[in-house]
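The values are calculated or read from the model by the stated rules, or taken from the named source; none is laboratory data. Just so we're clear, the structure is a prediction, and the values are computed from it rather than from any experiment. All Cβ positions, even for glycine, are placed from backbone atoms using ideal geometry, and neighbour counts span all protein chains on display. To get the accessible areas, we keep the full protein, side chains included, count just its heavy atoms, and leave off ligands, DNA and RNA. Shrake-Rupley method; radii C 1.70, N 1.55, O 1.52, S 1.80 Å.
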Amino acid sequence: QIAFGRYTFSDSSIADGDGSFALDIRGMFVAATTNDASTIYNDGQNAVTKSLSGDVGTVSLSSLSTQAGQYMAQDPMFNIYKYALYDDTDFDSSSTETFTYADDVVVEALTNGNDNKLAAEASVVLNVWMLITHRLYSAINVCRQSQSPEPLLDSAVALWIGKDQGEGKFDQGWMIYSIGQSSSKFYGYPEGEAPVNSKLMNLFVEAQTVARSCTSAPTAHMVLRSMVHEIIRTLTKPLVLSLLFHMAQNSKNMVELYAVAVVPQCSACSAQASVALKDALYSGFHQETSITDELLDHLATFLRCQKLTCEDLKTGDSAVASLTELSEKLCSRLDYGSNSNAPMANSNLPLAGYIPKNAVQETARLDMDALEMYIMMRTRAYEAARDVYEYGHNSVAGTYFQTEPSDTDILSLKFLATSTARTSVPQMQYYTNYFGSQNYADDIILQAVGQSGQYATATRPQLAQIVSRTSQAMISYMAILQKMQSSIDNCKNGSTDDARSDWDRAVALFVGSSQGFLAGAGQGEWMYALGNEVCSDFSACETSGEAKINEQLMFLFAGGRDSLVDGECDHLERTTTSDIIPNLAIPLIQGTISYSMKVGSSSSSDSESMATLHILSQAVTPLVQKADSSAASVLSQSFGTLQSASNPGVATVLNAFGSALKGMGIPCADIGSPTGYTFCSSEQGESTSETVEDTPTSLANDLYVTTTYVQDRANIAKDIQDMSEALRAGSNELAKIVYREGKNSEEFDDNGKFVKLRSLKRFSTETTNEMLDEPEFNFYLYALQGNQFYADDLVEEALQNASPTNPGVATEAALVLNLWMTIVHMMHETLQACK
């Protein structure tokens, strides 16, 4: 039996037919020549079953790819691969591209590579793997129509295991189950069913139980949807593990194959990591030059998106040393618990430097839904975009609703866009009045995915921007306000734990998961990313790439978190009302002005920038209207609808905002100076033209006042503080990054130009090169047997061994070793300068 008697097929003919694809794979693998293998691949030999078109007959492996463009056009996973592997112009309606990437790889292996074994494996991990996802997506759609999807699940199971596979055997079988077994063998474990395969079997059996209720339970399709997402994620795991194994083995062709098999999924997680992995792994891989610290960081980002844990990467006793080393390096970067059943449940991952008191990573992952919707819109998979919007994909709701966590409750953007909880937010009434609907963002999204209403004639790129920017500037914005208001209410009601959780979720909805652990320029999807995107147009970016307004907001969010620890509800409310809410409008204002500058006088209906300007202006106009109705009229008349959108000129937009800022509680100086324009007259808030002279630096509340500016050096104390805070929260990797790369202390050249960030690590590894003639440093070299980098060695060891219950050794070591000796060195330099 194909499923070893553990899964009962509703139709044995499906198991026999689809399971026989394994025999074609075997035939290709053992073929005497590549021509023989090519014949089996193109013509089919053993699989008498339903083709993608639904016709019954002998189905070839090649058809699983060559027909995919037609029959998988609305499958989310197929569209993610299309987006990652093809040019944007290939998605135009005039394009003749058929998206046969899987077939291309197999044919390449057979013809130019002359390698039928590589071609056979490619057929499994590309053609068959994608067919399994198609069967699973089809099962959801059939269940939603109140019909039984059991035959589709039968097909998926048969394709997963295939014929000729022994239960738990290492060197038998040909399909994805066999690859899971091989990965277990590669990772040094004794023969037996791989954990990934045991999990998949349980998931399929559970999914079958749900499938049997589809004809009677109206919500069964939502439960099945959640299970399908988990099955697909678990089916990806053996491919990822195989990729890592072949990287450790320096197997160039296998690395390239498995990279194409899994890395495209990273495009729906982090654009930055996706590009880096593609560049390093798709071609020209070499272990010594390709596996860099930067690549490992990007790999860790992808693993987190896939919810892989250290437990998944753990190697057994017989694993090769290079794989164990690679796995350990990646594990050190994941920085969260090894509970594979709930990988995010016990971890408070930093959000752009903010360390939450609660585990809110699942809420932060909602930005991946926004990115996935954008991808679906770019590839014309409009119905797939609608499904992601309405039902969600990446974010388990868990305690978002302050109930017990559930693996089947998926948080969706539509829920945020239509939640009645938003009525508790005062600003919500401004938006309802302006749009004439409480569900204004939902209306926009549905018109865009349906290509209806005012977006009936919008272009494909414009529709993608409309969906993306509405999620970013409207849905996320109001959800942040709602969670902050809920936190204040819970604080006043004495529900302290709920208040803290709501506050952290507000930050998660502001930053998202794609930004990463540290503050600075990133590839996020939420409001934080918008601020970073446009800050350069206002000379309002920090050297790290972080917008100054984001730095201020993150400081305020941290202050709010600490207020909750102390139970200071009134202070929290004042901070929220007077500081955070006005500042949250600044990225919307800057975004509108920035895109007004990009569009210039053009009113082209094919302009993505105009679509972005249309949405960003509509996201901020209700706030402007409350402060100045005339200014709001300028924005509304100019950008209120996409069809009639026409830029009245940057100066007109600036004047409109300038007259409204005072009523919005925003100083003009906080917006910054738009490049090439003068913003705000003396009547329109605070002037930005006042010159600020350099002043001496006051240290320790005027205990010592310098004669020169040294605040940049004094800011190294903030690195110590950030390290300490990260270690107390158990985030050793974040503390290491701050120690090694620096965060707060900037170095400038003699002309005042920024050079780099000062770091505590370099005080030991670089500055000590200048101390070799200084007596104190030589005392230490003599006592420590010539170890020039003793300070760094001790701090790194302390960072590696630090725990939340014992966080102080590393930061104290950095103070009394690295920093102390640097101070002594600077005193010697002072003496030499005096001489």
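Looking at (1) small (Gly, Ala, Ser); (2) at pLDDT 95 or above; (3) open to solvent by 10 Å² or more (accessible area, probe 1.4 Å), which one does Ser471 not meet, given that it meets all the others?
Checking Ser471 against (1) small (Gly, Ala, Ser); (2) at pLDDT 95 or above; (3) open to solvent by 10 Å² or more (accessible area, probe 1.4 Å), the one that fails is (3).
Every residue in the range 715-731 that is among the small types (Gly, Ala, Ser) and within 25 Å of the chain's Cα centre (by Cα), please. Show your work before the answer.
Step one: list which residues in the range 715-731 are among the small types (Gly, Ala, Ser), which gives 717, 724, 726, 729-731.
Passing the criteria: Ala726, Ala729, Gly730, Ser731.
Looking only at residues that are among the polar types (S, T, N, Q) and either modelled with pLDDT of 90 or more or under 13 Å from Gly600 (Cα atoms) (or both) in the range 643-674, which one is surrounded by the most Cβ atoms within 10 Å (Cβ to Cβ)?
Asn647
Is it the case that some residue within the range 156-167 is in a loop (DSSP other than H, G, I, E, B), in contact (Cβ under 8 Å) with a residue 24 or more places away in the chain and surrounded by 24 or more Cβ atoms within 10 Å (Cβ to Cβ)? Explain how you work it out, then say what you get.
The initial filter retains those residues of the range 156-167 that are in a loop (DSSP other than H, G, I, E, B), namely 162-167.
Imposing the further condition that a residue be in contact (Cβ under 8 Å) with a residue 24 or more places away in the chain reduces the set to 162-165, 167.
Right, trim to surrounded by 24 or more Cβ atoms within 10 Å (Cβ to Cβ) and you get 162.
The answer is yes; a qualifying residue exists.
Residues are listed down the side, and each one gets a yes or a no for (1) among the basic types (Lys, Arg); (2) open to solvent by less than 60 Å² (accessible area, probe 1.4 Å); (3) farther than 30 Å from Arg333 by Cα; (4) touching a strand residue (DSSP E or B) at 6+ places or on another chain (Cβ under 6 Å):
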position: Tyr780; (1), (2), (3), (4): no, no, yes, no
position: Ala791; (1), (2), (3), (4): no, yes, no, no
position: Val795; (1), (2), (3), (4): no, yes, no, no
position: Ala802; (1), (2), (3), (4): no, yes, no, no
position: Val816; (1), (2), (3), (4): no, no, no, no
position: Ile823; (1), (2), (3), (4): no, no, yes, no
position: Thr830; (1), (2), (3), (4): no, no, yes, no
position: Cys834; (1), (2), (3), (4): no, no, yes, no
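Can you pull out the residues in the range 168-183 that are more than 28 Å from the chain's Cα centre (by Cα) and open to solvent by 10 Å² or more (accessible area, probe 1.4 Å)?
Correct list: Lys169, Phe170, Asp171, Gln172, Gly173, Trp174, Ser178, Ser182.
Every residue, every condition in (1) modelled with pLDDT of 95 or more; (2) touching an Asp or Glu at 6+ places or on another chain (Cβ under 6 Å); (3) under 30 Å from Pro218 (Cβ atoms); (4) open to solvent by 10 Å² or more (accessible area, probe 1.4 Å), yes or no:
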position	(1), (2), (3), (4)
Asp115	yes, no, no, yes
Leu118	yes, no, no, yes
Thr133	yes, no, yes, no
Ser138	yes, no, yes, yes
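Of these, Ser148, Ser123, Ser95, which one is part of a loop (DSSP other than H, G, I, E, B), closer than 24 Å to Gln67 by Cβ and either open to solvent by 10 Å² or more (accessible area, probe 1.4 Å) or not acidic (Asp, Glu) (or both)? Show your work before the answer.
On the way: Ser148 fails: closer than 24 Å to Gln67 by Cβ; Ser123 fails: part of a loop (DSSP other than H, G, I, E, B).
Among Ser148, Ser123, Ser95, only Ser95 is part of a loop (DSSP other than H, G, I, E, B), closer than 24 Å to Gln67 by Cβ and either open to solvent by 10 Å² or more (accessible area, probe 1.4 Å) or not acidic (Asp, Glu) (or both).
For the range 707-728, which positions are open to solvent by less than 40 Å² (accessible area, probe 1.4 Å) and not β-branched (Val, Ile, Thr)?
Asp712, Ala714, Asn715, Asp719, Asp722, Met723, Ser724, Ala726, Leu727
Do we have any residue at all in the range 491-506 that's part of a helix (DSSP H, G or I), free of Cβ contacts under 8 Å to residues at least 12 places away in the same chain, more than 26 Å from the chain's Cα centre (by Cα) and surrounded by fewer than 21 Cβ atoms within 10 Å (Cβ to Cβ)?
Yes, some residue in the range 491-506 is part of a helix (DSSP H, G or I), free of Cβ contacts under 8 Å to residues at least 12 places away in the same chain, more than 26 Å from the chain's Cα centre (by Cα) and surrounded by fewer than 21 Cβ atoms within 10 Å (Cβ to Cβ).
Which ranges mark the helices (runs of 4 or more DSSP H) fully within the range 739-835 that have 1 or more residues being free of Cβ contacts under 8 Å to residues at least 40 places away in the same chain, small (Gly, Ala, Ser) and touching a helix residue (DSSP H, G or I) at 6+ places or on another chain (Cβ under 6 Å)?
Hits in the range 739-835: 790-801, 808-813.
Would you point out which residue out of Glu294, Glu256 is closer than 28 Å to Ala529 by Cα and open to solvent by 20 Å² or more (accessible area, probe 1.4 Å)?
Only one candidate qualifies: Glu294.
Starting from residues that are under 25 Å from the mean Cα position of the chain (by Cα) and charged (D, E, K, R), keep the ones in the range 206-255 and report whichever is farthest from Cys143 (Cα to Cα). Outline the logic, then answer.
We begin by selecting, within the range 206-255, every residue under 25 Å from the mean Cα position of the chain (by Cα); these are 222-245, 247, 255.
Narrowing the set further to residues that are charged (D, E, K, R) leaves 225, 230, 233, 237.
Working: Arg225: 9, Glu230: 17, Arg233: 20, Lys237: 26 Å.
Looking at the filtered set, the residue picked out is Lys237.
Which residues, taken from the range 193-207, are open to solvent by less than 10 Å² (accessible area, probe 1.4 Å) and within 12 Å of Met227 (Cβ to Cβ)? Spell out the reasoning first.
The initial filter retains those residues of the range 193-207 that are open to solvent by less than 10 Å² (accessible area, probe 1.4 Å), namely 194, 197, 200-201, 204, 207.
Within the range 193-207, Leu200, Phe204, Ala207 qualify.
Which of the residues belonging to the range 262-286 are of a type in the set (Gly, Ala, Ser) and within 23 Å of Arg365 (Cβ to Cβ)?
Ser267, Ala268, Ser270, Ala271, Ala273, Ser274, Ala276
Considering (1) out of contact with any Leu (no Cβ under 7 Å at 6 or more places or on another chain); (2) open to solvent by 10 Å² or more (accessible area, probe 1.4 Å), say which one Asn46 fails and leave the rest.
(1)
In this structure, does Ala540 turn out to be under 17 Å from Leu584 (Cα atoms), more than 23 Å from the chain's Cα centre (by Cα) and among the small types (Gly, Ala, Ser)?
yes
Working only within the range 383-397, note down all residues that are open to solvent by 10 Å² or more (accessible area, probe 1.4 Å) and among the aromatic types (Phe, Trp, Tyr). Walk me through how you get there before you give the answer.
In the first step, residues of the range 383-397 are kept if they are open to solvent by 10 Å² or more (accessible area, probe 1.4 Å); the result is 383, 386-387, 390-391, 393-394, 396.
If the condition is that a residue be open to solvent by 10 Å² or more (accessible area, probe 1.4 Å) and among the aromatic types (Phe, Trp, Tyr), then Tyr391 is the only one that fits.
Of everything in the range 61-92 that's without any contact (Cβ under 8 Å) to a residue 24 or more places away in the chain and within 26 Å of Phe29 (Cβ to Cβ), which residue is surrounded by the most Cβ atoms within 10 Å (Cβ to Cβ)?
The qualifying residue surrounded by the most Cβ atoms within 10 Å (Cβ to Cβ) is Ser63.
Only residues in the range 420-446 that are more than 13 Å from Lys483 (Cα to Cα) and part of a loop (DSSP other than H, G, I, E, B) count as the first member; pair them with residues that are of a type in the set (D, E, K, R) and open to solvent by 50 Å² or more (accessible area, probe 1.4 Å), Cβ under 8 angstrom, at least 6 apart or cross-chain, and list the lot.
Partner pairs satisfying both residue conditions: Ser437/Asp443.
Only one of (1) open to solvent by less than 10 Å² (accessible area, probe 1.4 Å); (2) under 30 Å from Ala207 (Cβ atoms) is not met by His229, so which one is it?
With respect to (1) open to solvent by less than 10 Å² (accessible area, probe 1.4 Å); (2) under 30 Å from Ala207 (Cβ atoms), His229 is out only on (1).
Can you tell me which of (1) at pLDDT 95 or above; (2) surrounded by fewer than 22 Cβ atoms within 10 Å (Cβ to Cβ) is the one Ile445 doesn't meet?
So the condition that Ile445 fails would be (2).
Can we say Glu288 is open to solvent by 30 Å² or more (accessible area, probe 1.4 Å), more than 21 Å from Gln181 (Cα to Cα) and free of Cβ contacts under 8 Å to residues at least 60 places away in the same chain?
Numbers: open to solvent by 30 Å² or more (accessible area, probe 1.4 Å): yes; more than 21 Å from Gln181 (Cα to Cα): yes; free of Cβ contacts under 8 Å to residues at least 60 places away in the same chain: yes.
Criteria met by Glu288.
Being farther than 19 Å from Asp369 by Cα and surrounded by fewer than 17 Cβ atoms within 10 Å (Cβ to Cβ) narrows it down to one of Ser216, Ser327, so name that one.
Ser216
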